[in-house]
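The values are calculated or read from the model by the stated rules, or taken from the named source; none is laboratory data. Computed from a predicted model, the values in this text were never measured in an experiment. Here the Cβ positions follow ideal geometry from the backbone for every residue, glycine too, while neighbour counts run over all protein chains shown.
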Amino acid sequence: MKFYKIITGYNVDDFLPIDETELEKAIYCHIRGANGIFNNGTVSGKNIMMIREDWHKAMGWNYGYRLTADDYADPALKRVQAEYKGYFAEIKDKVNRLIETGQTNLISKNNLIKNNHE
């Protein structure tokens, strides 16, 4: 399971935690400025500053813990980061294709994308 944060402000606790099952919906809300209802709360897409990996959740660290350079050099975190590599871009591309092809009803449904030519 991959974990992400929907960042909504500049303070360390201005985020909504999500997992990979809600990532498509979060990206759609960010792109379109739409409101989203998630397992851990709601957010307006207009308030989403960014969506990023949640290393605290992925590594089992307390959210109050401030990561240091040593943490980013930790081989365990590097292995986890390798698992995440390219995943966000892949999902963002999928959401953009669903928007372009008018198939927004398939966002977060874990379906394959249909071509308009079929």
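Only residues that are of a type in the set (Phe, Trp, Tyr) and surrounded by 12 or more Cβ atoms within 10 Å (Cβ to Cβ) were counted across the stretch 63-83, and they come to 1. Of all residues in the stretch 9-37, those satisfying the criterion of being surrounded by 17 or more Cβ atoms within 10 Å (Cβ to Cβ) and more than 15 Å from VAL95 (Cβ to Cβ) are PHE15, LEU16, PRO17.
Scanning the stretch 1-54 for residues that are under 20 Å from VAL80 (Cα atoms) and not charged (D, E, K, R) yields MET1, PHE3, TYR4, ILE6, PRO17, ILE18, THR21, LEU23, ILE51.
Could we say that GLY60 is touching a strand residue (DSSP E or B) at 6+ places or on another chain (Cβ under 9 Å), more than 29 Å from GLY102 (Cβ to Cβ) and either surrounded by fewer than 17 Cβ atoms within 10 Å (Cβ to Cβ) or free of Cβ contacts under 8 Å to residues at least 40 places away in the same chain (or both) here? No: the conditions fail for GLY60. Within the stretch 57-78, is there a residue that is modelled with pLDDT of 95 or more, of a type outside the set (A, V, I, L, M, F, W, C), within 15 Å of ILE7 (Cα to Cα) and out of contact with any helix residue (DSSP H, G or I) (no Cβ under 9 Å at 6 or more places or on another chain)? So far as the stretch 57-78 goes, yes, one or more of its residues are modelled with pLDDT of 95 or more, of a type outside the set (A, V, I, L, M, F, W, C), within 15 Å of ILE7 (Cα to Cα) and out of contact with any helix residue (DSSP H, G or I) (no Cβ under 9 Å at 6 or more places or on another chain). Looking at the stretch 1-23, which of its residues are under 20 Å from TYR65 (Cβ atoms), touching a residue at least 40 places away in the same chain (Cβ under 8 Å) and hydroxyl-bearing (Ser, Thr, Tyr)? Scanning the stretch 1-23 gives a single hit, TYR4.
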